[in-house]
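A short write-up of the structure that comes next.
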Amino acid sequence: MCGIIAAATDRSVGKLLIKGLYKMEYRGYDSAGIAMHVEGDVAHLRTLGKVNLLEDKMKSEKPKGKVGIAHTRWATHGEPSEINAHPHQSNDRVFIVHNGIIENYLDLKNELTTQGYTFYSKTDSELIAHLLDHFLKTNDSLLKAMQSLKNKLEGAYAIAALDQKDPDNLVLARNRSPLVIGLGKKENFAASDPLALAELTKKFLIMEDGDVARISSNQVEIYDEQDKLTNREELSIDVNAEASSKGNFRHYMEKEIFEQPGAILNTLDGRIGGEDVLDNIFGEGSSDLLAKVKRVQIVACGTALHAGRVAANWFSAISGLPTQMDYASEYRYKNPYIDEDTLLIAISQSGETADTLAALRYAKEKDYLATLGICNTPTSSLAREADYLLLTNAGQEIGVASTKCFTTQLVALMLLTLALAKASGKNPRLRGRIIEALRTLPEKISDALKLKSDIVDFAPEIANKDNALFLGRGIFYPIAKEGALKLKEISYIHAEAYPAGELKHGPLALIDEEMPVVAIAPEYELAEKLASNLEEVKARGGALYVFGNAKEKLDLSTGRYISMPECDFLLTPILYSIPLQILSYEVALLRGTDIDQPRNLAKSVTVE
Ligand code: M6R
């Protein structure tokens with residue numbers, strides 16, 4: 001999704017802005033641009049494509065300035081093109097970058113067209129520049145113009161703007177789209193993603209909805225929703241600069257897959273003790289709250305929802321609680337069943353996914369017992385708005401395909417399962433067993449990572465196919481879904497997942513020699529039934545790739561069998577995720593796709 005970086009400094013700003021854009025590349029984008037004050041004028045450069053093209057343009061045009069704004073765009077309104085790239089400008093005076101979506105843009109565009117403004121792009125963002133220009137006719141500063149503008153805009157926005165007639169200041173606005181201010185020495189910054197400022201500062205102010213701010217190299221002023229000068233708490237955030245390097249790995253995704261043992265240790269750190277989960281790990285008073293929960297509602301998107309689907313099995317089996325799950329994008333529109341004993345859980349690595357946030361905000365208005373967030377981004381809207389919170393502490397995830405954030409979400413959800421069971425006095429011995437298994441999980445994950453060379457062996461067989469099926473039963477069905485999602489998003493192979501028992505109700509018609517079938521087959525109560533389902537595939541010539549730990553129970557004269565490390569059954573969904581991630585990665589590598597930034601996708605989906 002789009003990324004904003006802005007800076008008012010005492011030094012040359014161009015390189016700093018470009019560096020910030022590189023750091024936000026992981027979010028996914030199609031074009032980039034910069035506007036900066038240069039000796040009474042504004043340099044305005046935009047390119048379709050990657051940031052390195054913008055950097056080349058900067059090198060050839062050599063603009064010199066100290067105050068500027070920059071942007072990476074992920075197309076929503078209007079195709080990816082230079083003309084649609086940000087910054088947009090009005091009358092060569094006002095330049096803006098914008099994240100989010102302006103919902104009333106057609107009405108505003110019509111008004112502005114009647115007033116004589118010409119629109120060059122197909123974006124909803126350009127009108128922001130024209131409206132600011134319009135308000136500057138009756139206001140003496142860009143700050144005041146921005147305050148007037150916010151009363152006209154409906155929708156989500158993070159905006160950074162500059163006025164050619166005011167070379168020292170930048171003006172910012174935020175509503176439902178993240179924007180932070182970074183504080184430096186004789187320089188101040190703003191960004192939609194703190195990672196963009198990783199090497200510049202550790203001191204941040206988080207803007208709130210309705211805030212408008214003015215920053216220069218030596219001053220920051222923030223005005224609240226009522227336009228009153230206000231203070232926002234200064235936070236110290238150590239945005240790990242290492243996260244922005246791939247180390248010896250070829251892609252961030254590969255690095256993040258191999259970081260999982262450490263990431264899981266971090267999720268567990270300080271949350272378990274003796275034979276149980278510690279009290280109040282979801283925030284003060286959370287243990288008392290959890291004792292009152294009678295049912296659970298989960299909202300999330302994509303991979304995060306798959307984590308929720310696994311957890312629903314745990315909540316039922318270990319905590320004795322029924323769970324309702326919904327795509328966050330659907331939940332609000334289905335008249336959800338709500339009662340005062342229900343805990344609403346929102347899961348999101350970024351904490352900025354627009355649909356998940358909208359679901360959380362909807363839920364907060366309703367009669368739920370409380371809302372609880374599982375999130376990896378401490379500064380995110382979700383982390384700040386949920387009543388209770390568990391941070392997964394996986395470290396920044398850069399690859400668009402979620403890996404370590406998924407497995408740490410599962411660990412966090414297992415901690416929640418145990419906390420719910422503990423709060424109602426259920427299953428003390430089982431809790432002790434799971435705690436023990438969680439302690440050894442990082443080692444088991446390291447063992448599973450060693451399967452890489454086996455997977456590399458057969459990845460070419462899948463890489464030259466157009467389709468793939470993933471099968472799992474019970475608690476492994478969501479893992480099959482996650483495996484299929486991973487494969488399709490980074491290799492562009494069409495992949496679907498089914499509970500294996502469903503095969504004969506339709507999908508079996510698809511099976512022939514061209515259809516690789518990946519099955520998750522650990523030793524458990526459904527293993528024999530799954531074995532029969534795999535026979536149905538074999539009989540029709542489908543190529544089987546089976547991950548399991550009971551080969552003797554399968555008649556696998558054809559196909560591949562990958563022997564998985566042993567692990568407590570209740571944690572096997574976490575373990576079995578690992579080879580599926582490696583498989584997608586290796587297949588995508590062979591197909592030569594853009595693994596960290598797959599086409600059309602974004603890391604943080606901040607539009608509904
Ligand atoms: O930031 P979130 O966890 O809320 O993101 C949700 C989905 O957009 C995300 O999991 C997406 O499905 C990933 N690309 C999957 O790898």
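The values are calculated or read from the model by the stated rules, or taken from the named source; none is laboratory data. Just so it is clear, the structure is predicted and the values come from calculations on it, not from any experiment. Cβ placement follows ideal geometry from the backbone for every residue including glycine, while neighbour counts extend to all protein chains displayed.
A few comments on the model shown:
- Of all residues in the range 295-318, those being within 16 Å of the ligand (Cβ to nearest atom) and not aliphatic (A, V, I, L, M) number 6.
- Conditions (1) surrounded by fewer than 20 Cβ atoms within 10 Å (Cβ to Cβ); (2) within 16 Å of the ligand (Cβ to nearest atom); number of the one not met by residue 381: (1)
- Residue match in the range 212-221 (condition: modelled with pLDDT under 95, of a type in the set (A, V, I, L, M) and either outside the structural domain of residue 158 (by TED's automatic domain parsing) or buried (at least 21 other Cβ atoms within 10 Å of the Cβ) (or both)): no
- Counting only helices (runs of 4 or more DSSP H) that fall entirely inside the range 374-461 and contain at least 2 residues that are modelled with pLDDT under 95, of a type outside the set (Asp, Glu) and more than 19 Å from residue 486 (Cα to Cα), the qualifying elements are 381-385, 428-449.
- Of all the residues in the range 59-87, those that are buried (at least 19 other Cβ atoms within 10 Å of the Cβ) and out of contact with any strand residue (DSSP E or B) (no Cβ under 6 Å at 6 or more places or on another chain) number 3.
- Exactly one residue out of 486, 529 is within 18 Å of residue 548 (Cβ to Cβ), assigned to a helix (DSSP H, G or I) and basic (Lys, Arg), and it is 529.
- Considering the range 6-83, the qualifying strands (runs of 3 or more DSSP E), each wholly inside and each with 2 or more residues that are in contact (Cβ under 8 Å) with a residue 40 or more places away in the chain and among the β-branched types (Val, Ile, Thr), run over 67-73.
- The residues listed here are 283, 308; of these, the one that is closer than 22 Å to residue 487 by Cα and in contact with a strand residue (DSSP E or B) (Cβ under 9 Å, 6 or more places away or on another chain) is 308.
- Some residue of the range 275-289 being closer than 21 Å to residue 362 by Cβ and within 16 Å of the ligand (Cβ to nearest atom): no
- Close Cβ contacts (under 9 Å, 6 or more residues apart or on different chains) running from residues in the range 587-608 that are of a type outside the set (Val, Ile, Thr) and at pLDDT 95 or above to residues that are within 13 Å of the ligand (Cβ to nearest atom) and assigned to a loop (DSSP other than H, G, I, E, B) comprise 588/401; 588/595; 588/598; 589/595.
- Just one residue in the set 48, 106 is out of contact with any helix residue (DSSP H, G or I) (no Cβ under 6 Å at 6 or more places or on another chain) and surrounded by fewer than 17 Cβ atoms within 10 Å (Cβ to Cβ); that residue is 106.
- Beta carbons closer than 7 Å, at least 6 apart along the sequence or on distinct chains, pair a first residue in the range 285-310 that is closer than 22 Å to residue 499 by Cβ and of a type in the set (Ser, Thr, Tyr) with a second that is within 13 Å of the ligand (Cβ to nearest atom) and not in a helix (DSSP H, G or I) for 303/402.
- The residue list 343, 415, 390, 321 contains one member that is within 16 Å of the ligand (Cβ to nearest atom), buried (at least 20 other Cβ atoms within 10 Å of the Cβ) and not assigned by TED's automatic domain parsing to the domain that holds residue 486, which is 390.
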